[in-house]
Amino acid sequence: MKIEFLGGVRTVTGSATLLEKDSLKWLVDCGMFQGGKEIEKKNYGTGSYHPRNLSFILLTHAHIDHSGLIPKLVREGFRGKVVCTKATLDLCEVMLRDSGHIQEMEAEWQNRKDRRSGGKGATPLYTVKDAEKSLRFFSPVNYNEIISLTDGLKVRFQDAGHILGSAIIELWVEEGGEGKKLVFSGDLGNSGQPIVRDPSWIKEADLLWLESTYGNRFHKSREETSQELLKIVQEAIAHQAKVIIPAFAVERTQDIVYTLGQFMREGLIPSIPVYIDSPLAISATEIFKKNSDCFDRETKEILLRGENPLDRPEIIYTRTTEESKAINEDKGPGIIISASGMCDSGRIKHHLKHHLWREKSHIVIIGYQGEGTIGRRIVDGAESVRLFGEEIAIKAHIHTLGGFSAHADQKGLLEWLSHFENPQLEVFVNHGEEKVSMELSQLIRERFNLKAEVPLWREKRILFAPEERPISEEAREEEVAPEETFHILLRHLDRNYKRLRRKLKRWGGMGEEAQDPHRLRQLEEVNRKIEELESEL
Ligand SMILES: [Zn+2]
Ligand SMILES: [Zn+2]
């Protein structure tokens, strides 16, 4: 079996691994690269597979850095199954649509710019329609059930405790009488996080993909962090000021709402407005309420008392732009939770513009801030940031509260790893900035005496190759003498033509697909190439 590391290596975004056994190809995660022009170019690459040839995408969770390229693959011909948990499907429904909308807006913005400068224009990576179409291929499964995907390939999703529906993927692969168990940690949750359960422990694996977002950091305890937030809110109330919290729409927002509700339930703060100013966060909150079977024990107990921790009278959900703008009219103390979590897009930018320069306002950073983002500059102590073409001075109180993270810290990651029992376990450290992944892999080698490494982007590996099979067709072709190549190529041509003809015959009767302009263009292209060659001979 072969693997290729396609993303989430030496960076936190673009998570994807290509796996291959016999003629079967599939992906684990299909994430979008984020964080600046250079890295985002990778979203356009075709990789070393064609989406049409993939049988499955196994999806750990709904975050865009894991799911964001699924609509693009569907647009390019993927017709396999996207296997994930039910809550992940529900969240993907809103998140992929939202992502399609962002892609359309960005292309439109680029087009307007190009029209002025004579540039060549841009097409979106995918559209809202592509995102909607991609949902048809999702095939949800339950946690903890072993599912046979095909001969010699089984999978199980276990709770990763990171966001609603998030999973650790266990994969049993058999090929030519050999078998291995692969485990993908996905993003691992921070134990003690409200609403979701703690990450499940796994004991057995031959190979492990381990995330390392916070592989060199230690979070403060949940309790300590809650106390810090409480103090900040109390100070803001005393000064009639606002607390602005940039938060990821999924999980962080609901987590903070839960915590603020707890302060009010316990009478630690008076009832003050809590604005959730992010349409995506509002939709995500609705999905949380629908999937209460994924909640942890404490949250289920609150529900049993007839209370919904995500539905308190103080919470004001602002969907429309007008409602969002009206928040500025409220001069009293209050809390505004808005997206995006890294302050690079969305309504949070408006709130930052209104509050960064006010000495009494508080900005509370609770999530990971990627390199190159506005959030990262604020955390790193910049004196001003540029928002909507205007330089805004930073005078507000800036707080970073790591304990609300949805990711395990170094201690959490190592503790989770310590449950594996195989002394031969090989670990691929991924989903972290290069320096961080390197540090964690070294620690794993020293402390657990395991083989641990940080793969490179597009690095390929052969995990096990049954002896009777050639390692790869390309490798065999490289060895043949040139005079043989002509006949081999002819044989390939015959085989490919027959296969294509067969598939076309089947495909021709499929109605809507037969009108697909992309397919028609491809066929035109094939015809043109054949005619060209024929006329040259
Ligand atoms: Zn995640
Ligand atoms: Zn992630």
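Too long at a 18 Å Cα-Cα cut-off: which of 220/242; 81/154; 181/411; 72/181? Mind showing how you got there, number by number?
Details: 220/242 24 Å; 81/154 14 Å; 181/411 25 Å; 72/181 29 Å.
Correct reply: 220/242; 181/411; 72/181.
Taking every DSSP beta bridge with both residues inside the chain, roughly what % is antiparallel (nearest 5)? Could you put the intermediate results ahead of the total?
On the way: 35 of 76 bridges.
Restricted to the chain, the bridges split so that about 45 percent are antiparallel.
Apply the Kirkwood formula to the stretch 59-152: the hydrodynamic radius equals the inverse of the mean of 1/r over all pairs of different alpha-carbon atoms; give it in Å with one decimal. Display every interim value, and only then the final one.
Numbers: mean 1/r = 0.0689 Å⁻¹.
Evaluated on the stretch 59-152, it is 14.5 Å.
Note on the stretch 267-322 and the stretch 385-463: Cα centroid distance 30 Å, given to the nearest whole angstrom. Seen through its C-alpha gyration tensor, with square-root eigenvalues sorted a ≥ b ≥ c, the stretch 180-233 comes out prolate because a/c lies at 1.5 or above while a/b is bigger than b/c. Solvent-free Debye calculation, one equal scatterer per alpha-carbon of the stretch 238-375: log10 I(q)/I(0) at 0.09, 0.14, 0.16, 0.19 Å⁻¹ equals -0.26, -0.64, -0.83, -1.15. Give the shape of the stretch 302-411 as rounded, prolate or oblate, defined through the alpha-carbon gyration tensor: a ≥ b ≥ c are the square roots of its eigenvalues, a/c under 1.5 means rounded, and otherwise the shape is prolate if a/b is larger than b/c and oblate if not. Because a/c hits 1.5 or more and a/b fails to exceed b/c, the stretch 302-411 counts as oblate.
Taking the Cβ of residue 157 as the centre, find all other residues whose Cβ is under 12 Å away and add up their charges (Lys, Arg: +1; Asp, Glu: -1). Could the numbers behind the result be given before it?
Working: positive: 86, 154, 156; negative: 145, 159, 170.
My count for the surroundings of residue 157 gives 0.
Anisotropy class assigned to the stretch 59-108 is oblate, per the alpha carbon gyration tensor with a/c at or over the 1.5 cut-off and a/b no larger than b/c.
With q set to 0.14, 0.15, 0.19 Å⁻¹, the log10 of I(q)/I(0) for the stretch 180-299, from the Debye formula over equal scatterers at the Cα positions, is -0.76, -0.86, -1.23.
Output the peptides 233-246, 109-122 sorted from most to least packed, where packing is the average of other Cβ atoms within 10 Å over each peptide's residues. Show your work: numbers first, answer last.
Numbers: 233-246: 20.5, 109-122: 10.9.
Highest mean packing first, the order is 233-246, 109-122.
Protection proxy ranking for 389-398, 55-64, using the average of other Cβ atoms within 10 Å per residue and placing the highest first: 55-64, 389-398. What do you get for the angle between helix 252-265 and the principal long axis of the chain? Use alpha-carbon atoms, 0 to 90 degrees, nearest ten. Tilt relative to the chain: about 30 degrees. Scanning residues 5 or more positions from residue 356 or on other chains, none has an amide H under 5 Å from its amide H, with H placed 1.01 Å from N in the peptide plane. Averaging the sequence gap over all C-alpha pairs within less than 8 Å and six or more residues apart, then dividing by the number of residues, gives the stretch 1-137 a relative contact order of 19 percent.
Dipole magnitude for the stretch 75-201: computed about the Cα centre from +1 point charges on Lys and Arg Cβ and -1 point charges on Asp and Glu Cβ, it is near 560 debye.
Over the chain, what is the relative contact order in percent, taking alpha-carbon pairs closer than 8 angstrom and at least six residues apart?
Details: 1039 pairs, mean separation 87.6, N = 537.
Relative contact order for the chain comes out at 16 percent.
Highest mean packing comes first when the peptides 358-365, 141-148, 70-77 are listed by Cβ atoms within 10 Å, giving 70-77, 358-365, 141-148.
Distance between the C-alpha centres of the stretch 341-373 and the stretch 32-59: 29 Å, rounded to the whole angstrom. Taken over the stretch 262-338, the alpha-carbon convex hull comes to 97 cubic angstrom per residue. Based on every Cα atom in the chain, Rg and the maximum pairwise Cα distance Dmax equal 25.3, 87 Å.
The charge dipole of the chain, taken about the Cα centre with unit charges on the Cβ atoms of Lys, Arg (+1) and Asp, Glu (-1), comes to about 1140 debye, rounded to the nearest 20.
Between the helical axis of 222-238 and the longest alpha-carbon principal axis of the chain there is an angle of about 50 degrees.
Dividing the helix sum by the residues of the chain, where each DSSP H run of 4 or more adds -39500 (n - 2.57), gives a mean residue ellipticity at 222 nm of -11500 deg cm²/dmol.
Read the figures in this text as sums done on the coordinates, not as results from a lab. What you are looking at is a predicted structure, and each value in this text was computed from that prediction instead of being measured. Counting neighbours? That spans all protein chains shown, and the Cβs are built from the backbone with ideal geometry, glycine included.
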